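Let me begin by presenting the structure, written as structure tokens, before commenting on it.
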Amino acid sequence: MYSMNDKSALKQLIDTDEFSNKLNLDRKTYGLVFDKRTLNSIYYIIKKFNIDFVDFPISSGKESLVFKVIDKKKKAYALKIYKISTLKFSNTFEYIRGDYRFDKERINRSNIVYIWAQKEFTNLDDMRKAKVKSPFPYGYYKNVLLMSYIGTKNEPSPQIKYIDTDFELLYKKLKINLKNMYKKAGLVHADLSEYNILYYRKNPYIIDVGQSVSVKHPRANEFIRRDIKNITTFFLKKNVKCSEDDLYKYLNGDKDD
């Protein structure tokens, strides 16, 4: 547990280059070290939302880190930090280019990580309005995003890959969420699988939507087909009666079941 009570202490460390990347670090280590820009972004979010301490890490990937953090009123959040040094331009630009919502943004290698954080915040906000079960977005700054924490006091909710439940019922609930995301929020996840759906209070929660695109994106149909394939493949292994064609028709149809 890391206290944030004396926020000036973090600011002093930033100002004195305590976390500078000027050391001779190998590539693997370099990608894990927070640079000064990231620390300033974390400091901004800590101050704005009165974060009191970091409870524990939730996940760690090539492109981001997520921590459970607690504010002074004991409310829990998830703090997502996008790694400036490892978020690849080539892997992200294809999900931004063609999305009309970001047409006016000047995108280059130096600012794409900031656009990515903004994009995930925007997508989560659209999903919230469409009643899709997903993290609630509270705010973002540069490459740091603050959203609701999904889990218990002691641990985050598991991915559906690692649970044992009534998968027939879970699939029905997920279908409704996907349809709300597709029809009401106007979004395609574009990287959906059993690894970015959490199981919380017997419901599926869709996460990791930085790459999610508008249904008007030129590759939206390609992405939705890929999502459908991943999801039906997983649920078929759980002996759920489903098919790619049926799910595609459901998402594009007017009926709710």
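Annotations
- Inter-residue pairs, beta-carbon under 6 Å, first assigned by TED's automatic domain parsing to the domain that holds Glu194 and in the range 162-173, second among the β-branched types (Val, Ile, Thr), 6+ apart: Phe167/Val240; Glu168/Val240; Tyr171/Val240
- Tally, over the range 82-92, of residues that are assigned to a helix (DSSP H, G or I) and modelled with pLDDT of 75 or more: 1
- Tabulated pairs, the range 114-131, first farther than 17 Å from Ile206 by Cα, second buried (at least 19 other Cβ atoms within 10 Å of the Cβ) and of a type in the set (Lys, Arg), C-beta under 7 angstrom, 6+ apart or interchain: Tyr114/Lys142
- Lone qualifier among Lys47, Lys72 - being at pLDDT 90 or above, touching a helix residue (DSSP H, G or I) at 6+ places or on another chain (Cβ under 7 Å) and among the basic types (Lys, Arg): Lys47
- Residue match in the range 204-223 (condition: more than 27 Å from Asp103 (Cβ to Cβ) and polar (S, T, N, Q)): no
- Some residue of the range 144-152 being touching a helix residue (DSSP H, G or I) at 6+ places or on another chain (Cβ under 8 Å) and free of Cβ contacts under 8 Å to residues at least 60 places away in the same chain: no
- Residues of the range 211-257 satisfying the condition of being surrounded by 13 or more Cβ atoms within 10 Å (Cβ to Cβ), free of Cβ contacts under 8 Å to residues at least 12 places away in the same chain and of a type in the set (Ser, Thr, Tyr): Thr233
- Residue check for Phe102: in the same structural domain as Asn50 (by TED's automatic domain parsing) and within 30 Å of Val240 (Cβ to Cβ): no
- Number of the condition not met by Lys153 [criteria: (1) assigned to a helix (DSSP H, G or I); (2) among the basic types (Lys, Arg); (3) modelled with pLDDT under 95]: (1)
- Restricting the range 120-137 to residues that are within 10 Å of the chain's Cα centre (by Cα) and in a helix (DSSP H, G or I), the residue that is surrounded by the fewest Cβ atoms within 10 Å (Cβ to Cβ): Phe121
The values are calculated or read from the model by the stated rules, or taken from the named source; none is laboratory data. From a predicted model like this one, the values you see are computed outputs, not experimental measurements. No Cβ is skipped: glycine too gets one built from the backbone with ideal geometry, and neighbour counts run over all protein chains shown.
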